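Okay, so here's the structure we're looking at.
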Amino acid sequence: MTDSATPADAMPLLGPGDPPPFRWHRHQGRRPWLVVCDHAGRAFPAALGRLGLPPEATARHIAWDLGAGELACALADRLDAPALLANYSRLVVDCNRRLEDPTAFTVNGDGHRIPGNEQLSDAERARRAVACYRPYHEAIAGYLGALRGAGAAPLLVAIHSFTPVYRAAARPWHVGVLWDTDDRIALPLLAWLRREPGLVVGDNQPYSGRYPADYTVWQHAGRERHPVICLEIRQDLLLTRQGVAEWAERLARALLAVGGDASRGAADV
């Protein structure tokens, strides 16, 4: 029972039955790279319910990136590298946003009103950040820092997925390569993917990777100047195990082909 003298938004958010804020996959991977997935999960803390949404709404792309977590794990297996996945829905707090960004606690998810995010107090925002956001980013920073401390120049790979249709507009891309000013991975990866028969490859499509977008990759790689790439895969291509496996194989081949030289040269940047 909550102490009546203690405001609800000052209490710890996660209870004993809630999942942790993130999970590792292949934590002991030998390659000094890190695969991350900001929108892998769609969990909600029990204390928040579903933020006033019906169950079917929280299964849609407004709550998470469908197939992205499975792809991140499958890719990590093929790279023999660890993957770190956020467990909570982007509607609780979006781990790929600055906390001061209004969309970090969005009140509108692709036309869906999010009642539980309306009129949030600063204390409630902070409570969600402490529970679900900061531990995830601290884990990324800690792992990459340990690799750098061991003399490695780690490659950070961020995995997302996108809807085939957005606001009645069809999206033709199968994969998007998102990047800002560091082209060490982006340009050779774009060239590699464009040699694949039948693929429609987006260069900063369907979203831009230009600053200040893509908070996670900028925060954890841009500042340190080690190689980084963000990949967006169309969600309808990741709805089956076969689809996930095919994309994991393709992306692993591509990253292994172009990532080694970038990582070796990063120490000179």
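None of the figures in this text is laboratory data; all of them are computed from the coordinates on show. Only a predicted model underlies this, so the values are computations on that prediction, with no experimental measurement involved. Ideal geometry is used to build each Cβ from the backbone, glycine not excepted, and the neighbour counts take in all protein chains shown.
Can you name the residue in segment 11-60 that is part of a loop (DSSP other than H, G, I, E, B) and among the small types (G, A, S) and, of all such residues, is surrounded by the most Cβ atoms within 10 Å (Cβ to Cβ)?
A40
Does A131 satisfy being loosely packed, with under 15 Cβ neighbours inside 10 Å and not in a loop (DSSP other than H, G, I, E, B)?
So A131 does not fit the description; no.
For L189, are the conditions met, namely being surrounded by 18 or more Cβ atoms within 10 Å (Cβ to Cβ) and either free of Cβ contacts under 8 Å to residues at least 12 places away in the same chain or farther than 25 Å from A104 by Cα (or both)? Taking the combined requirement at face value, the residue satisfies it. For T240, the requirement of being touching a residue at least 12 places away in the same chain (Cβ under 8 Å) and hydroxyl-bearing (S, T, Y) is not met. When A170, A129, A158, A150 are screened for being among the small types (G, A, S) and closer than 13 Å to R234 by Cβ, only A170 passes.
Of all positions in segment 146-155, at least one carries a residue that is outside any helix (DSSP H, G or I), on the phi < 0 side of the Ramachandran plot and over 21 Å from the mean Cα position of the chain (by Cα).
Scoring A86 on the criteria (1) within 18 Å of P135 (Cβ to Cβ); (2) small (G, A, S); (3) touching a Leu at 6+ places or on another chain (Cβ under 9 Å) leaves a single failure, condition (3).
Restricting attention to segment 192-247, the residues that are touching a Phe, Trp or Tyr at 6+ places or on another chain (Cβ under 8 Å), of a type in the set (F, W, Y) and crowded, with 16+ Cβ neighbours inside 10 Å add up to 1.
Give the residue, chosen from I159, I140, that is in contact (Cβ under 8 Å) with a residue 60 or more places away in the chain, touching a Ser or Thr at 6+ places or on another chain (Cβ under 9 Å) and not in a loop (DSSP other than H, G, I, E, B). Outline the logic, then answer.
Numbers: I159 fails: touching a Ser or Thr at 6+ places or on another chain (Cβ under 9 Å).
Within the list I159, I140, the selection yields I140.
Cβ-Cβ distances below 6 Å connect the following pairs, each with a first residue in segment 107-132 that is touching a residue at least 60 places away in the same chain (Cβ under 8 Å), a second residue that is among the acidic types (D, E), and a separation of six or more residues or different chains: S121/D9; A123/D9; E124/D9; R127/D9. Evaluating S121 against the criteria (1) exposed (fewer than 13 other Cβ atoms within 10 Å of the Cβ); (2) under 21 Å from the mean Cα position of the chain (by Cα); (3) under 16 Å from A47 (Cβ atoms) leaves one unmet condition, (2). Residues in segment 195-253 that are in a loop (DSSP other than H, G, I, E, B), within 18 Å of A86 (Cβ to Cβ) and acidic (D, E): D214 alone.
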